[in-house]
Amino acid sequence: MLRSLTTAATGMIAQQNYLDVIANNVANVNTTGFKKVRLEFQDLLSQAARQPGAMLNQGTYQPVGIEIGLGVKTAATTRIFTKGIAVNTDRNLDVMIEGEGFFQVMKEDGTLAYTRDGCFQLDSLGQLCTNDGLLVQPAMTFPADTKEITISQDGNVTVLTGNNTEANQIGQFQLVRFQNPSGLLSIGHNLYQETSASGNAVQGTPGQNGMGLLEQGFLEGSNVQIVDELIGLIKAERAFESNSKIIKSSSDILQMTNNLT
């Protein structure tokens, strides 16, 4: 069988994976805090008919070899943590991180997860939580008679309650950062989970030790650029088409060979 059949097949599979990544990026173009994914490719092993540097005669060496590649594979999907666009909402429980860092939330099993989605809510007990009801950490509870909420850039949360004219601080946001945020595991619901590749979470106050500042009344939009994704779509489509033509050409050659017998 011609090597080109299996080699082109690996190319079609790789481009299909590329299309899947592009589709997910485009689907999340309006997802708060979403970070786009870039697909990385690697070539497969090559069959060496002649090694470069092989001795031809005494004192004479082959300057180049003969290597025939066997295709391509998907090496990694890298999440790109560039900043998304700022969306002005004027809602006092919407918070955007201006710079590095993640909010901490507690999952149902008691473990921590991390998110860039700062669209927060209050549950029936006045606790600050995500849209899925996961409590923000450190936990904050707002009085029932809260009438005004202020979140400073360094994370201080103060409220004005009842007939009081002076605001009281009820908590402070703490952010975390990772040595390798691309190593975080996406678990859906705009959440990430720590892995051995990401490194341990380092907690800090907004605006200190490399942490970003907070902006109340804003949300971070997706960092997906539709134009870039459309260009990638065209490249993937043409590469898929080219590989399919190679398979057809290889099939035609095999058919011609069979007709010779």
If I filter segment 223-245 down to residues being surrounded by 18 or more Cβ atoms within 10 Å (Cβ to Cβ) and aliphatic (A, V, I, L, M), which single residue comes out as nearest to Val37 (Cα to Cα)? Val224
Looking only at segment 83-108, how many residues end up being part of a strand (DSSP E or B), farther than 21 Å from Asn30 by Cβ and either open to solvent by 50 Å² or more (accessible area, probe 1.4 Å) or small (Gly, Ala, Ser) (or both)? 1
Have a look at Ser244, Ser249, Ser222 and point out the one that is among the small types (Gly, Ala, Ser) and either touching a Ser or Thr at 6+ places or on another chain (Cβ under 6 Å) or over 17 Å from Thr10 (Cβ atoms) (or both). Ser222
Taking only pairs six or more apart or across chains, which ones have beta-carbon atoms under 7 Å, a first residue in segment 162-179 that is charged (D, E, K, R), and a second residue that is open to solvent by 80 Å² or more (accessible area, probe 1.4 Å) and part of a loop (DSSP other than H, G, I, E, B)? Arg177/Glu100
Looking at the structure I just gave you, is Gln153 open to solvent by 50 Å² or more (accessible area, probe 1.4 Å) and part of a loop (DSSP other than H, G, I, E, B)? yes
Between a first residue in segment 75-95 that is within 12 Å of Glu220 (Cβ to Cβ) and a second residue that is of a type in the set (Val, Ile, Thr) and open to solvent by less than 60 Å² (accessible area, probe 1.4 Å), which pairs have beta carbons less than 6 Å apart while being 6 or more apart in sequence or on different chains? Val95/Ile151
Could you please find all residues in segment 139-193 being aromatic (Phe, Trp, Tyr) and over 22 Å from Gln216 (Cβ atoms)? Phe178, Tyr192
Could you please give the count of residues in segment 60-80 that are under 26 Å from the mean Cα position of the chain (by Cα) and open to solvent by 60 Å² or more (accessible area, probe 1.4 Å)? 2
For segment 1-73, which fully contained strands (runs of 3 or more DSSP E) count at least 3 residues that are within 19 Å of Leu185 (Cα to Cα)? 37-43
Does at least one position in segment 215-222 carry a residue that is part of a loop (DSSP other than H, G, I, E, B), open to solvent by 40 Å² or more (accessible area, probe 1.4 Å) and within 19 Å of Glu98 (Cα to Cα)? no
Those residues of segment 109-136 which are in contact (Cβ under 8 Å) with a residue 60 or more places away in the chain, in a strand (DSSP E or B) and open to solvent by less than 50 Å² (accessible area, probe 1.4 Å) amount to Ala113, Tyr114, Thr115, Cys119
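The values are calculated or read from the model by the stated rules, or taken from the named source; none is laboratory data. Note that the coordinates shown come from a computational prediction; the quantities given were computed from them, not determined experimentally. Here the Cβ is made from the backbone with ideal geometry for all residues, glycine too, and neighbour counts use every protein chain on show. Accessible surface is based on the protein model in full, side chains and every heavy atom, while ligands, DNA and RNA are left aside. Shrake-Rupley method; radii C 1.70, N 1.55, O 1.52, S 1.80 Å.
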